[in-house]
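These notes concern the structure reproduced below.
The values are calculated or read from the model by the stated rules, or taken from the named source; none is laboratory data. All figures in this text were calculated on a predicted structure; none of them were measured in a lab. Cβ placement follows ideal geometry from the backbone for every residue including glycine, while neighbour counts extend to all protein chains displayed. Just the protein is used for accessible areas: all its heavy atoms, side chains included, with ligands, DNA and RNA removed. Shrake-Rupley method; radii C 1.70, N 1.55, O 1.52, S 1.80 Å.
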Amino acid sequence: MSEIVFKNICKSFGDVKVIENLDLTLKDGEFTVLVGASGCGKTTLLRMIAGIGPATSGEIFMDGEEISDIPPGKRGVAMVFQNYAIYPTMTVRGNIDFGLKNKKVPKAERDRLVQEVAETVGLTPYLDRKPSALSGGQRQRVALARAMVKKPKVFLMDEPLSNLDAKLRGSMRSELIELHNRLKTSFVYVTHDQAEAMSMADTIILMDAGRIMQQASPEVIYNDPDNIFTARFIGTPPMNICRLKDGETYLGYRPEKVFFSTEKTDALYQRKAKILTREMLGSETLYKVQILEPDFAEDKGLSVMTKSFETRYMPGEMLNICVRREHLYFFNKERNRIRKGDVPDIETYYRMAEGTV
Amino acid sequence: MSKAKNNASPAKRKCGPRLMDRLRPYLMIAPCIAFLVVFTLYPVVNMIYLSFFEYDLLTPKKFVGLNNYYRLFFVNVDFWEAFKHTFYYTVAEVVLLITLGLLLAMWVRKSTFLNAIAQRVMFLPHLVAMLTVAYVFQWLMDDRSGLFNAVLNFFHLPGLNWLNSSKTALMSVVIVSIWKNVGYYALILLSSLKAIPAEIYEAADLDDARPLLKFFKITVPMLSPQIFFLLVTITMGSFKVFESIRVLTGGGPGSSTDVLVYYIYRYAISNMKYGYACAAGTILFVILMVFMVVYFRLPGKRVHYQ
Amino acid sequence: MKSKTYYRIRRKIIWVIDSILKIGVCIFLAFPFYWMLTTSFKTYTESILFPPTLIPRVFTLEGYRTVFEGLDLGMYLKNSLIILFWIILIQMIVMVPAAYGFSKCEFKGRGLLFGFVTVAFMVPSQVTFVTTFLMFSKMKLIKTLIPQIIPFGANAFGIFLLRQNFMQIPDEMLEAARLDEASELQIMLKIMLPMAKSSLVTIALLSFMSHWNSYFWPLVMTTSDSVRPLTMAIDKLKHLDFGFVWPTIMAGNVLMVLPVVILFLIGSKRIIAAMAYRGIK
């Protein structure tokens, strides 16, 4: 059991307030991913759990116990750092062994654990090397092994894959998912990469400027965003947002839900548009299209992104862009989602979206 | 680079004097080299040459072969005394400056208000002339009305004779030097300490490493190149100690604080035995060069960095 | 796990002890300065009281008066300043082209010559002083300021620092200047030098401090007061009265230290950085 609860947490660096009055619960055993742009406070939260960057005020509970004053080494957590933070003066074995030694684990037991963990991450042949003689991916594994060997209640990972090349990152990603499935302990993972978050998380916590924008599973956060920020952060290219003709309601739809047509279709949302650019990505093609008559007069020259399996459209072509009713999202002036039931009559918005072609 | 220079040269340069282009670098460094030849190389060569002569500026110099060295090592016991004191002084300096400097550096490493002040204060003694430092400490260490003895008396301890006893004089000189230099060396170590990534210590915290273990397992190994460098510079610096000795003790009481440079100074400037002084100077030179070779031969053997 | 109050209290206690010790160390390091200053304002009789007084009972400028009356301070100060002026000037003139040559020009023997500079840098004046003295006395220059100036013409540390600085200037910039038909002299003065301005100030500052404070060299290179700098004057204070009159000696030293401390207060960041660099080099 290792549920982590933040209560009324504030953190400031000097005069800069990074986090204000934050409440958050991380469920036990889950792979939780904290995601957000740099400076949003995600790493700050992670370091609070680790105990290496205490909160300015507020309380943190682990399994119901307040841990703010417990030193990092006594919290039962392990961390993988962005730059790995491997001890450069020790061998690989020394690195993995270090925490166990400090916990006064007997030598024989230690050797067994190190052997076991090295086997899992594939470092056995390198145990007596210095980190400087290892590749980036191998160092990453050392950092991982060092965390695993302690059998922590919580794994903390601060952008552990960001220094690897794309290929290696992909394979490490699935290894981490496997590892989580096997160990069933809590993982708290920090990243700025929404794709990484989507692919690994049980629960995503999306943060912006020290606030939590949404906490939900990847499916929910993609299909049912709470606000424009979430809608645009998750998914590439981000969700298209245009104002409706009242000028204060926003309409959103994902690029991949748009289809093109030269004649009238049964889709609710249809607008005349001109293709500006075309980017062929392989299986899909990205089109940037300009909406010829935007709903809100001030949005002149408004363009949206679309993603399609069709490759035959060319820049300059005129056509209709269409989105079906179930793929439309509405947001209010405060950029928060308007769902059915939030307002007396959601149909007004659909009628506004329908407009005329 | 020179190739690029020729390629990049505009056409006009071609008819200019090519010789000038090749000579220019030499002309640029010539003044510097000339100064070093006249005021470093020549004096050293001349010193070695004169060490085989008896010479007092007034009468013509007389070749005596190795006689100066013979007297230095086997006849006059005072040279060995001076050497011994220099050696003790050096050992004390190296051990104390490095350990205390390291401790101080570790101690004021975090950037807090108090530490920022401490860093400035630590540096202050290094700015002041050794002459001034020596006078102030001579006053503080005065046996009758000095403050140090007043403090000792306050705690009901007997006063010391500090500079006026052959038992404590060398120690007192070491104390003065430590006071003047420890902050400086601490700051040098501090700048290397700051280059160690903070995450490594955070990782160690998560590994539940106790402070002492972090110090010996992480800090010291990571600082080893810098520590080695300080070892050599402090050693070389201590072997040429002079100013503090001259003001604080004048080599005394007796000859209890006579050191190599003071020895050379006495024979050269006071006694005008230049040949003999040159022989002693040559020995000092050889000792310093040995340290220098050690320094250049062993650099970065234990540099651990990713 | 121990209780959280245990860790909280432990942390508080450690913090208090740590702060007290730090203040103690600061006092230990700063106290001699305080002692020098207060003693300089004491009367002679108060200065030799035992136990001594921490704050002077009577403030007097007697010590300073004796210094000014007993010594021709103006002359010593003038010597010091002349020496400093020439040393820094010559160093700059020698150092800039040398650093340029060693950083941006290729020529045969560059490595060897730079090695020579490095080795020469490590030979201290304590080794060379006897024969340098003989050289100057044979040239009958001992009664002039020259022996205190020209031996320091080549500032090896300055050359290292400046060379480092020049090497960071991209070659493309110099090539662009050559394409614009700039002469090598123009390149050095108009492009390289402005980019190294801050290093030059640092070098001059360090040079000033080290020669202002220098005692060994004037001691061995001078035989008459007329060419001696301020340090030597301070050294004479103990002979001014009968025995050591501490207020007088401290007053003289306060005057010595004052300019350096003022410089430090103005540019402490730069000075600390430069000195630390010298230590690492």
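Residues that are touching an Asp or Glu at 6+ places or on another chain (Cβ under 7 Å) and crowded, with 17+ Cβ neighbours inside 10 Å: does segment B:225-247 have at least one? Talk me through it step by step, then tell me what you get.
Of segment B:225-247, the ones touching an Asp or Glu at 6+ places or on another chain (Cβ under 7 Å) are B:234, B:238.
Then drop every residue that is not crowded, with 17+ Cβ neighbours inside 10 Å, which leaves B:234, B:238.
There is at least one residue in segment B:225-247 that is touching an Asp or Glu at 6+ places or on another chain (Cβ under 7 Å) and crowded, with 17+ Cβ neighbours inside 10 Å.
Which condition from (1) within 13 Å of chain B (Cβ to nearest Cβ); (2) surrounded by fewer than 17 Cβ atoms within 10 Å (Cβ to Cβ); (3) part of a helix (DSSP H, G or I) is the one that C:Leu206 breaks?
(2)
Is it the case that A:Met352 is open to solvent by less than 50 Å² (accessible area, probe 1.4 Å) and over 26 Å from the mean Cα position of the chain (by Cα)? Even if it seems obvious, please write down each step before you answer.
Working: open to solvent by less than 50 Å² (accessible area, probe 1.4 Å): yes; over 26 Å from the mean Cα position of the chain (by Cα): yes.
Considered against the rule, which asks whether it is open to solvent by less than 50 Å² (accessible area, probe 1.4 Å) and over 26 Å from the mean Cα position of the chain (by Cα), A:Met352 comes out as yes.
Within segment C:131-141, can one find any residue that is more than 9 Å from chain B (Cβ to nearest Cβ), of a type in the set (A, V, I, L, M) and closer than 23 Å to B:Ala34 by Cβ? Full working, then the answer.
Pass one, segment C:131-141, residues more than 9 Å from chain B (Cβ to nearest Cβ): C:136, C:139-141.
Cutting the leftovers down to of a type in the set (A, V, I, L, M) gives us C:139, C:141.
From what is left, the residues that are closer than 23 Å to B:Ala34 by Cβ are C:139, C:141.
Checked segment C:131-141: at least one residue is more than 9 Å from chain B (Cβ to nearest Cβ), of a type in the set (A, V, I, L, M) and closer than 23 Å to B:Ala34 by Cβ.
Restricting to segment B:21-31, and then to whatever is open to solvent by 50 Å² or more (accessible area, probe 1.4 Å) and either more than 7 Å from chain C (Cβ to nearest Cβ) or under 19 Å from B:Ile264 (Cα atoms) (or both), can you tell me which residue is farthest from the chain's Cα centre (by Cα)?
Among those that are open to solvent by 50 Å² or more (accessible area, probe 1.4 Å) and either more than 7 Å from chain C (Cβ to nearest Cβ) or under 19 Å from B:Ile264 (Cα atoms) (or both), it is B:Arg22.
Contact list please: Cβ distance under 9 Å, first residue in segment A:158-180 and among the β-branched types (Val, Ile, Thr), second residue part of a helix (DSSP H, G or I), pairs at least six apart or on different chains.
Going by the 9 Å Cβ cut-off, the qualifying pairs are A:Ile177/A:Ser199; A:Ile177/A:Met200.
Look through segment A:87-104, keep the residues that are more than 7 Å from every other protein chain (Cβ to nearest Cβ) and over 16 Å from B:Phe215 (Cα atoms), and return whichever of them is most open to solvent (accessible area, probe 1.4 Å).
A:Lys104
Can you run down the residue pairs with Cβ atoms below 7 Å, 6 or more apart or on separate chains, where the first is in segment B:110-137 and closer than 22 Å to C:Met250 by Cβ and among the aliphatic types (A, V, I, L, M) and the partner is part of a helix (DSSP H, G or I) and modelled with pLDDT under 85?
Close Cβ pairs satisfying both conditions: B:Leu127/C:Phe264.
Go through segment A:62-86 and count every residue that is open to solvent by 40 Å² or more (accessible area, probe 1.4 Å) and not small (Gly, Ala, Ser).
Qualifying residue count, segment A:62-86: 5.
Here is a check on your reading of the model: is A:Ala133 free of Cβ contacts under 8 Å to residues at least 60 places away in the same chain, within 14 Å of chain B (Cβ to nearest Cβ) and either under 18 Å from the mean Cα position of the chain (by Cα) or surrounded by fewer than 18 Cβ atoms within 10 Å (Cβ to Cβ) (or both)?
Details: free of Cβ contacts under 8 Å to residues at least 60 places away in the same chain: yes; within 14 Å of chain B (Cβ to nearest Cβ): yes; either under 18 Å from the mean Cα position of the chain (by Cα) or surrounded by fewer than 18 Cβ atoms within 10 Å (Cβ to Cβ) (or both): yes.
Yes; evaluated as a whole, the condition is true for this residue.
Check C:Leu84 against each of (1) assigned to a loop (DSSP other than H, G, I, E, B); (2) within 14 Å of chain B (Cβ to nearest Cβ) and name the one condition it does not meet.
(1)
Evaluate the following for C:Phe152: is it within 10 Å of another protein chain (Cβ to nearest Cβ) and open to solvent by 20 Å² or more (accessible area, probe 1.4 Å)? It would help to see each step written out before you state the result.
Details: within 10 Å of another protein chain (Cβ to nearest Cβ): yes; open to solvent by 20 Å² or more (accessible area, probe 1.4 Å): yes.
In short, yes.
Out of all the residues in segment B:136-146, is one or more on the phi > 0 side of the Ramachandran plot and out of contact with any strand residue (DSSP E or B) (no Cβ under 7 Å at 6 or more places or on another chain)? Talk me through it step by step, then tell me what you get.
Let us first name the residues in segment B:136-146 that are on the phi > 0 side of the Ramachandran plot, namely none.
Within segment B:136-146 (the criterion being on the phi > 0 side of the Ramachandran plot and out of contact with any strand residue (DSSP E or B) (no Cβ under 7 Å at 6 or more places or on another chain)), the answer is no, since none of the residues qualifies.
Would you kindly identify the helices (runs of 4 or more DSSP H) lying entirely within segment C:96-188 that contain at least 1 residues that are under 21 Å from B:Arg24 (Cβ atoms)? If you could, list the steps in order and put the result at the bottom.
Working: elements: C:110-122, C:125-138, C:156-167, C:171-179.
Where helices (runs of 4 or more DSSP H) fall fully within segment C:96-188 and carry at least 1 residues being under 21 Å from B:Arg24 (Cβ atoms), they are C:110-122, C:156-167, C:171-179.
Give segment B:61-118 a look and list any residue that's under 26 Å from the mean Cα position of the chain (by Cα) and charged (D, E, K, R), or say none.
Answer for segment B:61-118, where residues must be under 26 Å from the mean Cα position of the chain (by Cα) and charged (D, E, K, R): B:Asp78, B:Glu81, B:Lys84, B:Glu93, B:Arg109.
Would you kindly identify the helices (runs of 4 or more DSSP H) lying entirely within segment B:159-230 that contain at least 3 residues that are within 14 Å of chain A (Cβ to nearest Cβ)?
On the way: elements: B:169-193, B:198-206, B:211-214.
Filter on segment B:159-230 gives B:198-206, B:211-214.
Consider C:Val261 carefully, then state whether it is within 13 Å of the chain's Cα centre (by Cα), under 30 Å from C:Ile48 (Cβ atoms) and open to solvent by 30 Å² or more (accessible area, probe 1.4 Å).
On the way: within 13 Å of the chain's Cα centre (by Cα): yes; under 30 Å from C:Ile48 (Cβ atoms): yes; open to solvent by 30 Å² or more (accessible area, probe 1.4 Å): yes.
Here the answer is yes, as C:Val261 does meet what is asked.
Within the set of pairs 6+ apart or on separate chains, which have a first residue in segment C:26-39 that is farther than 16 Å from C:Gly63 by Cβ and buried (at least 20 other Cβ atoms within 10 Å of the Cβ), a second that is among the hydroxyl-bearing types (Ser, Thr, Tyr) and modelled with pLDDT under 90, and C-beta atoms under 7 Å apart?
none
Tally up the residues in segment C:18-46 that are of a type outside the set (A, V, I, L, M, F, W, C) and under 30 Å from the mean Cα position of the chain (by Cα), please.
At the first step, the residues of segment C:18-46 found to be of a type outside the set (A, V, I, L, M, F, W, C) are C:18-19, C:22, C:24, C:32, C:34, C:38-40, C:42-46.
Going one step further and asking which of them are under 30 Å from the mean Cα position of the chain (by Cα), we end up with C:22, C:24, C:32, C:34, C:38-40, C:42.
Residues that pass the stated criteria total 8.
Output the residues belonging to segment A:23-57 that are within 11 Å of A:Met207 (Cβ to Cβ), crowded, with 21+ Cβ neighbours inside 10 Å and over 15 Å from the mean Cα position of the chain (by Cα).
A:Thr44
Could you list, ordered by first residue, the pairs with Cβ atoms under 8 Å in which the first is in segment C:252-275 and in the same structural domain as C:Ala233 (by TED's automatic domain parsing) and the second is among the basic types (Lys, Arg) and surrounded by 16 or more Cβ atoms within 10 Å (Cβ to Cβ), at least 6 apart or interchain?
Hits for this filter: zero, empty list.
Name the residue that is nearest to B:Cys32 (Cα to Cα), counting only residues in segment C:51-103 that are among the small types (Gly, Ala, Ser) and either crowded, with 18+ Cβ neighbours inside 10 Å or modelled with pLDDT of 95 or more (or both).
Of all residues in segment C:51-103, those among the small types (Gly, Ala, Ser) come to C:63, C:70, C:74, C:80, C:98-99, C:101, C:103.
Right, trim to either crowded, with 18+ Cβ neighbours inside 10 Å or modelled with pLDDT of 95 or more (or both) and you get C:63, C:80, C:98-99, C:101, C:103.
Details: C:Gly63: 44, C:Ser80: 24, C:Ala98: 6, C:Ala99: 9, C:Gly101: 11, C:Ser103: 14 Å.
So, considering only residues that are among the small types (Gly, Ala, Ser) and either crowded, with 18+ Cβ neighbours inside 10 Å or modelled with pLDDT of 95 or more (or both), the one nearest to B:Cys32 (Cα to Cα) is C:Ala98.
I'd like to verify a number: residues in segment B:236-277 that are over 20 Å from B:Met47 (Cβ atoms) and assigned to a loop (DSSP other than H, G, I, E, B), how many?
Result for segment B:236-277: 10.
Go through segment C:1-71 and tell me which helices (runs of 4 or more DSSP H), entirely inside it, have 2 or more residues that are touching a Ser or Thr at 6+ places or on another chain (Cβ under 8 Å), closer than 22 Å to B:Val176 by Cα and within 10 Å of another protein chain (Cβ to nearest Cβ).
On the way: elements: C:4-40, C:44-47, C:62-70.
Qualifying helices (runs of 4 or more DSSP H): C:4-40.
Scan segment C:97-121 for residues that are more than 8 Å from chain B (Cβ to nearest Cβ), under 25 Å from the mean Cα position of the chain (by Cα) and aliphatic (A, V, I, L, M) and jot them down.
Residue satisfying the conditions is C:Ala99 alone.
Quick grid of which residues meet (1) open to solvent by less than 10 Å² (accessible area, probe 1.4 Å); (2) within 24 Å of the chain's Cα centre (by Cα); (3) not assigned by TED's automatic domain parsing to the domain that holds C:Ile83:
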| site | (1), (2), (3) |
| --- | --- |
| C:Ile187 | yes, no, no |
| C:Ile191 | no, no, no |
| C:Thr202 | no, yes, no |
| C:Val220 | yes, yes, no |
| C:Ile234 | yes, yes, no |
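Just to check your reading of the model, which residue among B:Ala11, B:Ala34, B:Ala30, B:Ala105 is farther than 14 Å from B:Tyr276 by Cα, assigned by TED's automatic domain parsing to the domain that holds B:Met289 and at pLDDT below 95?
Result of the check over B:Ala11, B:Ala34, B:Ala30, B:Ala105: B:Ala105.
Cβ contacts < 8 Å: first residue more than 13 Å from chain B (Cβ to nearest Cβ), restricted to segment C:172-201; second residue polar (S, T, N, Q) and buried (at least 18 other Cβ atoms within 10 Å of the Cβ), any location; separation 6+ or different chain. Result?
C:Met195/C:Asn165; C:Ala196/C:Asn165; C:Ser199/C:Asn165
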